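Scroll down for the structure; my scribbles are underneath it.
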Amino acid sequence: MTTALIAEDEPLLAAALQHELQLAWPELQIAASVGDGLSAVSEALRLTPEVLFFDIRMPGQSGLEAAVELADAWPDGTPFPALVFVTAYDQYAVQAFEAQAVDYLLKPVQPERLRKSVAKLQQTLQQRGAPAAPQVLEQALEQLRQLVQAPGLGRPTAAAPLTVIQASSGNQIHMVPIQEVLYFEAADKYLRVLTARQEYLIRTPLKELLAQLDPAVFWQVHRGTVVRASAIESAWRDEAGRLQLQLRERPERLAVSRLYAPLFKSM
């Protein structure tokens, strides 16, 4: 029996989707229905369903952010679930989904459109097999890489480039030149700003900060980490096969997620 997980923060819409799925795909078992992105990731990892229905806009973590985190943590050797985004976004976002062959449902979900999506999912699942698990995950990662660059979905609208970071250290506000920053790392409600010899805290979300950083200078290497490319001394894989970075002027090592691993291929 095929299993699915629904992530939708509006209970009535979640119930309506589950009802329509029962009509369009009676054999499908809804393993769980959750209301936020963090729960979507944890429950998907626990249940490993074959199909995911992720709402794009959810509290705390968007459906796209949840999918990215899930792909990074997905167990090796297990095919990544077929992913359907449920969205109220405009036509530009829909075009982004279509360009990457990612299925989507527009709110409110229409029964006829859902039946077409179900037929597509069934065909996709029939073509999958255990030996193809790595290829399935890599295909999903490539689709997600493109989606996180799509304006309005993952990539923030470009803003004026930063030259100075106003950051706190103790009771003081420091003016930190952007050329001294080696990397940024999300930490709870704050963003850590690391230079060669000092650590500062700012409240600006990483997603908002990205719009003010030059992507040729600062590389995002993880959902919560952005590093100055010229500060990277080396990259290697650990015993688990995950990429790690060593910086030139910092002792700590930084993890690279599956999504951003292609940044570190030999020239």
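The figures follow:
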read-out: Conditions (1) modelled with pLDDT of 75 or more; (2) in the same structural domain as residue 79 (by TED's automatic domain parsing); number of the one not met by residue 168; value: (2)
read-out: Criterion (over 22 Å from residue 72 (Cβ atoms), at pLDDT 95 or above and more than 18 Å from the chain's Cα centre (by Cα)) met by exactly one of 229, 196; value: 196
read-out: Output for the range 223-267, where each listed residue is outside any strand (DSSP E or B), surrounded by 11 or more Cβ atoms within 10 Å (Cβ to Cβ) and among the basic types (Lys, Arg); value: 223, 242, 248, 250, 258
read-out: Which listed residue is at pLDDT 95 or above, assigned by TED's automatic domain parsing to the domain that holds residue 139 and touching a Lys or Arg at 6+ places or on another chain (Cβ under 8 Å), from 24, 71; value: 24
read-out: Residue tally, condition within 26 Å of the chain's Cα centre (by Cα) and under 15 Å from residue 162 (Cβ atoms), over the range 179-189; value: 4
read-out: Filtered residue count, the range 1-52, keeping only those that are within 22 Å of residue 120 (Cα to Cα) and under 15 Å from the mean Cα position of the chain (by Cα); value: 3
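The values are calculated or read from the model by the stated rules, or taken from the named source; none is laboratory data. Quantities reported herein were computed from a predicted structural model and do not represent experimental measurements. No Cβ is skipped: glycine too gets one built from the backbone with ideal geometry, and neighbour counts run over all protein chains shown.
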